[in-house]
Amino acid sequence: MKSHAKAVVIGGGVVGCSVLYHLAKAGWADIMLIERSELTSGSSWHAAGGFHTLNGDPNVAKLQAYTVRLYKEIEEISGQSCSLHLTGGVMMADTPERMDFLRLAHAKGRYLGMDTELITPSEAKAMFPLMDETNFVGAMWDPVEGHLDPSGTTHAYAKAARKLGAEIVLRNRVVELTQEVDGTWNVVTEQGTVKAEHVVNCGGLWAREIGRMVGVELPVLAMEHMYLLTEPMPEVEEFNKSTGREMIGVLDFKGEIYTRQERNGILLGTYEKACKPWSPVNTPWDFGHELLQPDIDRIAPSLEIGFKHFPGIEKAGIKQIINGPFTFALDGNPLVGPVQGLTNFWCACAVMAGFSQGGGVGLALSNWMVHGDPGFDVWGMDVARFGEWATLRYTNAKVRENYSRRFSIRFPNEELPAARPAQTTPLYDTMLANNAVLGDSWGLETPLWFAPRGSEPKDVVSFHRSNDFRPIGEEVRATRERVGVTEIANFAKYEVSGPGAEDFLNRLMTNRMPKTGRIVLTPMLNEFGRLIGDFTIAKAGPRGGEDRFMIWGSSAAQKYHMRWFEKHLPKDGSIRIHRFDQMLVGLSIAGPKSRDLLQKLVDVDISTKAFRFMDFREMAVGGAPCMVNRITYTGDLGYEIWMAPAYQRLVYKAIKEAGEEFGLVDFGMRALLSMRLEKNFPTWFRELRPIYGPFEGSMDRFIKLEKNDFIGREAAAKEQAEGPKLRRVSFIVDAADADVMGDEPIWAKVGGKDYGTVEKPHGYGAPRFDAGGKEVRGSNAAEGASAVRGIVDGDCRVVGWVTSGGYAHYVEKSMAQGYVPAALAENESAGLFEIEILGHRRPARINVEPPFDPSGEKMRT
Ligand SMILES: Cc1cc2nc3c(=O)[nH]c(=O)nc-3n(C[C@H](O)[C@H](O)[C@H](O)COP(=O)(O)OP(=O)(O)OC[C@H]3O[C@@H](n4cnc5c(N)ncnc54)[C@H](O)[C@@H]3O)c2cc1C
């Protein structure tokens, strides 16, 4: 074993081997993989080997599609077969709600370039005759599904990596990780120490233990998982003989079951409700190629449904039940990327579907390590998406919830209960007493809406408008006409200070930094000119002669943004960044009476001229020291008031008492989001994501190309010079009883006109490789992009996609935001657009000016 390497990958499961292969392919020569035992000694060897492309996150779905395409390539390079069976598969819906879910998935899949098809239960039965089709109302066919040989596939990656020069060391456990002052890692193994620039945790079942070697508790947990194999079945053999085809894969939502042909019999796996974590605190190092004891009682309820839905299988004898552990993160997607707070320590773990996702994970991570950027929108699997609140016990509760709902529908208004409440503000009990329906916002209990007195504060989950519709309408109207108060503790808050703070922020942000006491809104770009942040920044008065900036942003992106800030901090320690998290909480008051209300609580003049729109001031509110921004996301006259948690109850009580004479109401996050819609305001992670440029995102007025050489400036200037291909727009939709949820296709009656190939960007900027191994730079046209192509119906075609929307209660319109070709972005013609909601195309019209207060007069008064 050599003593130095550019990168050491720990773990020889399918994921580690894929990472090694992709690093070697990207040109890193001096790399090695260290495996505790033999390859596939974790969960990889006993996997059922199924693969598919569908995923709730369209970006993860694209990486899954890449994984499936990759198998041919690694077979060719390695000479090792993966035993690929591309059978196709169906998802079976047993209720109209599940059918709505499939319609949504199908609509989304279409512009992502997936060839899914909605079919009848009888059509599904023709491909899988063991089912009783009368149990179902419909199905969705996906041709890119199948199964493979897990061990062969892992070895194919490994052999291909070796051929490209990578080294693999077996039977050698990594026992310790330490880091030198210069950043070099000491990878201490049973056979000696390797000095490495980079370390990658691909430890699978032991990923948590490897994280602990560097002081990180990764939110990952192994679960026991069972599948059964039947004896050979004459029905299967007969089907194969008469059709010349293998039986397809079937996914049954109701029973949380998947099933497919395995040799001449059937394989059936379950995600049972009474699921069981494996080694919940520590994974034993001596666990090897062994299986766990099957527990048929645990999966009996699922099997009962399975045998009812697939009576053909019940008759068969069970040959074997496999029970093995594999790992999950809280939401079932992988943990990939650099760990915030550490240097050159990377993760590719919690990959629960290694044979669907391993290739995409390897590609994204190798891009990130080699080129400094994953090259794709990988937020859905970024290790930074969970906060410190995702502790061992929190993870345990959430992973069990996720496992037992593996194939369940998540409704757009559905909040999941496990591990809650975790974080609460001092107002938690007050909000409960106010009949608030609370939601989980990055681990924090946050009021969503307030149920009428006497009614149960609970969402009726649905794809259609639900029981929150009227109360939210009342919250919005009262706020717009009088005044409302809401909690905004869930925003991210940072303070940047030090002598060079202004220069530092000017280098990171696209807008000019504000003067003392003023606020600016500013996007942040990466080197490729793509949107990676959107902030509100205020310049506070100097402290000890040093500049001080307050920054507010998206709560879910706190670790993601801290990672970026830390990467760009000067090494001399001259600039400090403090993330407040819940040590700073907030309240927002909004509406025409909000100034009168606030004036009663402060001892300074806050008249229009004395405290202008976009002013920032430190002042006492109701006797508590606070920071106040004259700005609100509702787009009305309003204020954001920030205070230490110890003062939040005092300030809230003062606001409630002072607000009585103005008819003050409480409003929740859903009313806030409804109000931002009628102002055409975007949201981070929906409208604004790293797949879009700033001009595509219609953020033009915040991009000051002439101010200085900020990160991404050159690419942004190019985007502006060439003209953005896409534009973010707002629509008014002629909806029925359901509004858009996000990701719906946008159709236009464009006749024979060609607006160019419209692509849903997925990859961006960073160099990456197409399926043929050719490097592709700076283009959306590689495998990551989804051309909205060929989806034509008469003179209509799909020209874009929705990012978010809902009902705008004050203007009484259903609204949506999304991306369309720039040439269509200002076309407000009625009859031009349609947006597909739950499978029905509804007329929609672009609304260039926001329907509420288009001149912005109300927020400036
Ligand atoms: C019953 C069952 C059925 C499944 N069915 C499917 C399926 O149909 N489709 C699908 O896609 N997925 C399936 N999976 C999941 C799949 O097995 C996993 O997604 C995949 O194996 C994860 O691979 P990995 O490389 O991340 O982890 P692992 O396979 O666990 O590999 C981790 C490796 O790291 C090594 N290691 C750990 N710590 C150290 C150390 N300190 N030093 C050196 N080496 C170390 C281990 O020895 C191990 O070889 C199934 C899993 C089970 C249990």
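The values are calculated or read from the model by the stated rules, or taken from the named source; none is laboratory data. As the structure is a prediction and not an experimental result, all values here were calculated from the model. Cβ sites come from the backbone with ideal geometry, for glycine too, and all protein chains shown count toward neighbours.
Worth pointing out:
- Total residues in segment 439-474, condition among the acidic types (Asp, Glu), within 25 Å of Phe685 (Cα to Cα) and in contact (Cβ under 8 Å) with a residue 40 or more places away in the chain: 2
- Segment 541-562 - residue that is charged (D, E, K, R) and surrounded by 20 or more Cβ atoms within 10 Å (Cβ to Cβ) and, of those, nearest to the chain's Cα centre (by Cα): Lys559
- Boolean, Phe580 is aromatic (Phe, Trp, Tyr), touching a helix residue (DSSP H, G or I) at 6+ places or on another chain (Cβ under 8 Å) and modelled with pLDDT of 95 or more: no
- Counting the residues of segment 216-241 that are in a loop (DSSP other than H, G, I, E, B) and either within 16 Å of the ligand (Cβ to nearest atom) or of a type in the set (D, E, K, R) (or both) gives 6.
- In segment 126-162, of all residues being in contact (Cβ under 8 Å) with a residue 24 or more places away in the chain and β-branched (Val, Ile, Thr), the one that is farthest from Gly79 (Cα to Cα) corresponds to Val137.
- Residue within segment 259-271 that is crowded, with 20+ Cβ neighbours inside 10 Å, within 16 Å of the ligand (Cβ to nearest atom), of a type in the set (A, V, I, L, M, F, W, C) and within 20 Å of Val14 (Cα to Cα) present: no
- Every residue from segment 479-494 that is out of contact with any Phe, Trp or Tyr (no Cβ under 7 Å at 6 or more places or on another chain) and either surrounded by fewer than 19 Cβ atoms within 10 Å (Cβ to Cβ) or farther than 23 Å from Ile589 by Cα (or both): Glu481
- Considering residues of segment 570-586 that are among the aliphatic types (A, V, I, L, M) and buried (at least 17 other Cβ atoms within 10 Å of the Cβ) only, the residue nearest to Ala501 (Cα to Cα): Ile575
- The one condition in (1) away from the ligand (no atom under 11 Å from the Cβ); (2) touching a Cys at 6+ places or on another chain (Cβ under 9 Å) that Gly16 fails to fulfil: (1)
- The residue of segment 805-822 that is modelled with the lowest pLDDT, among those that are assigned to a strand (DSSP E or B) and of a type in the set (Ser, Thr, Tyr), is Tyr819.
- When residues of segment 190-208 are limited to those that are part of a strand (DSSP E or B) and either more than 13 Å from the ligand (Cβ to nearest atom) or at positive phi (or both), the one farthest from the chain's Cα centre (by Cα): Gly192
- Of the strands (runs of 3 or more DSSP E) lying entirely inside segment 287-395, those carrying at least 3 residues that are within 11 Å of the ligand (Cβ to nearest atom) and out of contact with any Asp or Glu (no Cβ under 8 Å at 6 or more places or on another chain) are 318-328, 345-349.
- Residue under evaluation Thr510, criteria (1) more than 23 Å from the chain's Cα centre (by Cα); (2) closer than 26 Å to Lys653 by Cα, criterion not met: (2)
- Among the residues of segment 504-536, just one is at pLDDT below 95 and among the basic types (Lys, Arg), namely Arg530.
- Residue list for segment 27-49, restricted to those being more than 6 Å from the ligand (Cβ to nearest atom) and surrounded by fewer than 19 Cβ atoms within 10 Å (Cβ to Cβ): Gly27, Ala29, Asp30, Glu38, Trp45
- Boolean, Arg245 is of a type in the set (D, E, K, R), part of a loop (DSSP other than H, G, I, E, B) and either buried (at least 23 other Cβ atoms within 10 Å of the Cβ) or more than 16 Å from the ligand (Cβ to nearest atom) (or both): yes
- All conditions in (1) more than 15 Å from the ligand (Cβ to nearest atom); (2) farther than 30 Å from Met140 by Cα hold for Lys72, with the sole exception of (2).
- Members of segment 272-286 that are more than 10 Å from the ligand (Cβ to nearest atom) and assigned to a loop (DSSP other than H, G, I, E, B): Glu272, Lys273, Ala274, Cys275, Lys276, Ser279, Pro280, Val281, Asn282, Pro284, Asp286
- Within the option set Val187, Val181, being away from the ligand (no atom under 14 Å from the Cβ), farther than 30 Å from Thr134 by Cα and of a type in the set (Val, Ile, Thr) holds for one residue only, Val181.
- Options Gly693, Gly723; residue that is touching a helix residue (DSSP H, G or I) at 6+ places or on another chain (Cβ under 9 Å), under 21 Å from Glu826 (Cα atoms) and surrounded by fewer than 17 Cβ atoms within 10 Å (Cβ to Cβ): Gly723
- Residue match in segment 400-420 (condition: under 23 Å from Pro338 (Cα atoms) and hydrophobic (A, V, I, L, M, F, W, C)): no
- Restricting attention to segment 331-355, the residues that are farther than 19 Å from Val214 by Cα and surrounded by fewer than 24 Cβ atoms within 10 Å (Cβ to Cβ) total 4.
- Flag for Tyr111 being among the hydroxyl-bearing types (Ser, Thr, Tyr) and within 16 Å of the ligand (Cβ to nearest atom): no
- Residues that are part of a loop (DSSP other than H, G, I, E, B) and touching a Ser or Thr at 6+ places or on another chain (Cβ under 9 Å) were ranked within segment 712-724; the one that is farthest from Gln558 (Cα to Cα) is Pro724.
- Flag for Leu838 being crowded, with 17+ Cβ neighbours inside 10 Å, at pLDDT below 95 and farther than 30 Å from Met99 by Cβ: no
- Verdict on Gly533 being part of a loop (DSSP other than H, G, I, E, B) and either touching a Pro at 6+ places or on another chain (Cβ under 6 Å) or buried (at least 23 other Cβ atoms within 10 Å of the Cβ) (or both): no
- Going through (1) surrounded by fewer than 13 Cβ atoms within 10 Å (Cβ to Cβ); (2) within 14 Å of the ligand (Cβ to nearest atom); (3) of a type in the set (Gly, Ala, Ser); (4) closer than 30 Å to Ser81 by Cα one by one, Ala161 falls short only on (1).
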